Amino acid sequence: MALRRFAHENNANSSPRSPEGPMLASPITPRSRPSFGIHRSPADTPSISSSVPFDWEAARSRAPPPYATPLKARGRKSVATGTTGTPATPRKAVIRKKGILERISNLPSAIAFEIALFPHNVPLPTPKTSARILGGAIHVIHFFILAFRDNEDGWDSISGSKQNSWFDWTTPITLLLVGSSIFNTYNLCTRTRSYKFHHRPDPLSSPHAKFVVTNLDLVPLERPTFSQRLRTNTWYSFLYFWRFLLGMQPPKRATSPKEKTSRVQELEVWDPSELDLELFSIYSPAHALLWLAMGSSSWVYSVLIMGLVGLQLNVLTHSYTRLIKDKQILSSETMKEYNDVFVYPRINPIRRDVAVMTHQSEVVNVWED
């Protein structure tokens, strides 16, 4: 027993053996292993299954972290933020300015770049402001046309001359304005966006839904090159010639691979732009007809009807736009609450590994009494 105890102690406390025999060495204190706390990131823990919630309260209050930043062996002192214990002195950067020759040489490339970005680099107003400017300008043009006609009628009644000419410079301008209102209405009503449902076999309950054949290949098929087509046609002609001489059936041409198609449902959703909606509420075909029917005796009623039509169209379009946005907010918040309450707690449960571990230095020597 004494020899076995002596061998165990030598094996635990001695260094690697040498040819002369075992060399006794002083006991070495084992290195302390890093302890991973609950506040550390899951990536720092030795287990992959451990997930720790993020401390949002500490992030919002900008509280100091419960652990110190690990020190680097050879870290570079930052001259911009300063070091601990010394006041932060900003670094004075030296910026090299371009010379006059360099700026002149870069001028053609800068002009070409701005031309390539046109008209996206033009600072245009918002769609609502643009629609108001266009609608106001059209109403002003209609007012000048009406004032010109009233002055002509008054001058004709004073001078006693009657002009039966119905076509003058105001006619094409009026037709152009009326045509613009009709075109804006048509563009507003026909602007749609298509959505395809690949996993919906049942018909949708909408008059705008229909079945269409769509291409499932995202990358189009490559067309064969000229050499490949020439080689294929030559081989086909050679086979066709010998089969014709031997009285056999002519060969069949190799068909190109067909595209993957599928019959899916397509839903066309009305997607009007903000400019068209605002311009339609300011200058619609009803406004154009009221300007045409306006006279010197009924201009008050015409102006009142025009203002009332524009006001109700504006209120209706803006209210319906807000309704659609509110429905989108409601649906998004409903899905968010459903995910937070039912989905995320079941998919990503919070796990924490708890274990007890010992080290060689903590083992009691069983050979001692």
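Every read-out reported here was derived from the displayed coordinates using simple, explicitly stated rules and does not represent laboratory data. All figures in this text were calculated on a predicted structure; none of them were measured in a lab. Because the Cβ atoms are built from the backbone with ideal geometry, glycine has one as well, and the counts that use them run over all protein chains shown.
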- At a Förster radius of 22 Å, what calculated FRET efficiency corresponds to the Cβ-Cβ distance of W299 and D168, to the nearest 0.05? 0.60
- Note on the structure: Set K210/K336; K210/K325; K128/K336; K196/K327, cut-off 24 Å on Cα-Cα distance; pairs above it are K210/K336; K210/K325; K128/K336
- Length added when fully stretched, T334-S130, from 0.36 nm per residue minus Cα-Cα: 69.8 nm
- Note on the structure: Once both label points are put 7 Å beyond Cα along the C-beta direction, the E114-Y240 separation in nm becomes 6.2
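Treating only the Cβ of Lys, Arg, Asp and Glu as charged (+1, +1, -1, -1), what charge dipole size does the stretch 174-224 show about its Cα centre? Round to the nearest 20 debye.
Numbers: 6 positive and 3 negative charges, 22 e Å.
The calculation lands at about 100 debye.
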